[in-house]
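**Student:** This structure is in structure tokens; I'll ask about it shortly.
The values are calculated or read from the model by the stated rules, or taken from the named source; none is laboratory data. All values derive from a computational prediction rather than experimental measurement. Counting neighbours? That spans all protein chains shown, and the Cβs are built from the backbone with ideal geometry, glycine included.
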Amino acid sequence: MKTSVFSIIIAVVVCVFSSSLCWAYPEPTLAGGLNDWNMDVEFGKPQQISVKFPGDAKNAPARRFWYMILTVKNDTGSDVDFYPSCDLMTDTFKVTPAGKKVMGLVFDKIKRIQQGRYPFLERFELVGNRMLQGEDNAKDIVVIWPDFDGKAKNVDLFIGGLSNETVAIEHPTKKDKNGKAVKVYLQKTLQLKYSIGGDKKFRGVSKLKYKSKHWIMR
């Protein structure tokens with residue numbers, strides 16, 4: 001990586017660490033390294049689903065979740081390790097990892113709804129950590145989050161594990177016991193941006209509106 005590009009990355013990351021109002025992320029290199037790979041991914045429209053759990057009070061409202069289905073295909077030319085990560089971040093600065101407080105009952109209901117189109121749907125947390133190459137080995141994966149902050153107007157989804165491109169930078173403020181800057185490792189990540197409108201009282205009919213997608217280092 002050229003010095004000028006590395007300097008830009010450091011400058012942007014300093015901005016990320018130094019201000020909660022600055023959520024810019026450095027971009028990946030235009031030409032990856034010799035051994036870098038990227039998998040193909042198609043993403044469906046985020047949807048919400050409500051589930052009533054056994055043991056909940058009869059008058060308790062059903063619990064609301066959001067989910068997205070990803071179709072991941074490995075056309076890198078070789079089998080690769082696959083350790084996906086999926087975070088949801090609101091413009092109120094609340095981050096929720098996929099699968100947090102999500103029970104199997106939610107996945108079972110989604111699978112029943114989607115079985116016609118996705119008969120081999122897999123749960124994000126339980127997907128195998130090896131992606132075999134080729135169309136026949138593509139995976140349909142459902143990513144699930146509990147309902148997010150009702151005050152949020154914009155939502156970003158961060159999907160990692162689709163690329164092995166990484167960069168190590170020095171943290172702008174943190175030092176180790178020897179006084180050296182702590183290393184921060186960033187991974188090429190797909191960022192999907194959405195907006196959500198309407199009053200939170202009518203959350204049950206709210207939809208996420210797609211805005212844009214970007215590849216970033218996060």
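**Student:** If we scan the stretch 146-159, do we find a residue that is more than 18 Å from Met89 (Cα to Cα), surrounded by 15 or more Cβ atoms within 10 Å (Cβ to Cβ) and not β-branched (Val, Ile, Thr)?
**Tutor:** Looking through the stretch 146-159, none of the residues is more than 18 Å from Met89 (Cα to Cα), surrounded by 15 or more Cβ atoms within 10 Å (Cβ to Cβ) and not β-branched (Val, Ile, Thr).
**Student:** A further question follows. Wholly within the stretch 128-210, which strands (runs of 3 or more DSSP E) include no fewer than the required count, namely at least 3 residues that are closer than 28 Å to Val51 by Cβ?
**Tutor:** Fully inside the stretch 128-210 and qualifying: 139-146, 154-160, 181-196.
**Student:** Please specify each residue of the stretch 40-53 satisfying the condition of being assigned to a loop (DSSP other than H, G, I, E, B), within 17 Å of Pro146 (Cα to Cα) and free of Cβ contacts under 8 Å to residues at least 60 places away in the same chain.
**Tutor:** Lys52, Phe53
**Student:** A further question follows. Starting from residues that are surrounded by 18 or more Cβ atoms within 10 Å (Cβ to Cβ) and farther than 18 Å from Leu162 by Cα, keep the ones in the stretch 46-85 and report whichever is modelled with the lowest pLDDT.
**Tutor:** Arg63
**Student:** Right, next: For the stretch 86-96, name all the residues that are out of contact with any helix residue (DSSP H, G or I) (no Cβ under 9 Å at 6 or more places or on another chain) and surrounded by 14 or more Cβ atoms within 10 Å (Cβ to Cβ).
**Tutor:** Correct list: Asp87, Leu88, Met89, Thr90, Asp91, Thr96.
**Student:** Still on this structure, I have one more. Name the residues in the stretch 190-206 that are without any contact (Cβ under 8 Å) to a residue 60 or more places away in the chain and either in contact with an Asp or Glu (Cβ under 8 Å, 6 or more places away or on another chain) or surrounded by 13 or more Cβ atoms within 10 Å (Cβ to Cβ) (or both), would you?
**Tutor:** Lys193, Ser195, Ile196
**Student:** Quick check: anything in the stretch 155-164 free of Cβ contacts under 8 Å to residues at least 40 places away in the same chain and closer than 27 Å to Ser78 by Cβ?
**Tutor:** No, the stretch 155-164 contains no residue that is free of Cβ contacts under 8 Å to residues at least 40 places away in the same chain and closer than 27 Å to Ser78 by Cβ.
**Student:** Go through (1) of a type in the set (Gly, Ala, Ser); (2) over 17 Å from Asp156 (Cβ atoms); (3) in contact with a Pro (Cβ under 9 Å, 6 or more places away or on another chain) and name the single condition Ala57 misses.
**Tutor:** (3) is the only condition that Ala57 fails.
**Student:** Let me ask something else. I need the full set of residues from the stretch 164-189 which are basic (Lys, Arg), exposed (fewer than 11 other Cβ atoms within 10 Å of the Cβ) and either within 14 Å of the chain's Cα centre (by Cα) or on the phi > 0 side of the Ramachandran plot (or both), in order please.
**Tutor:** Scanning the stretch 164-189 gives no hits.
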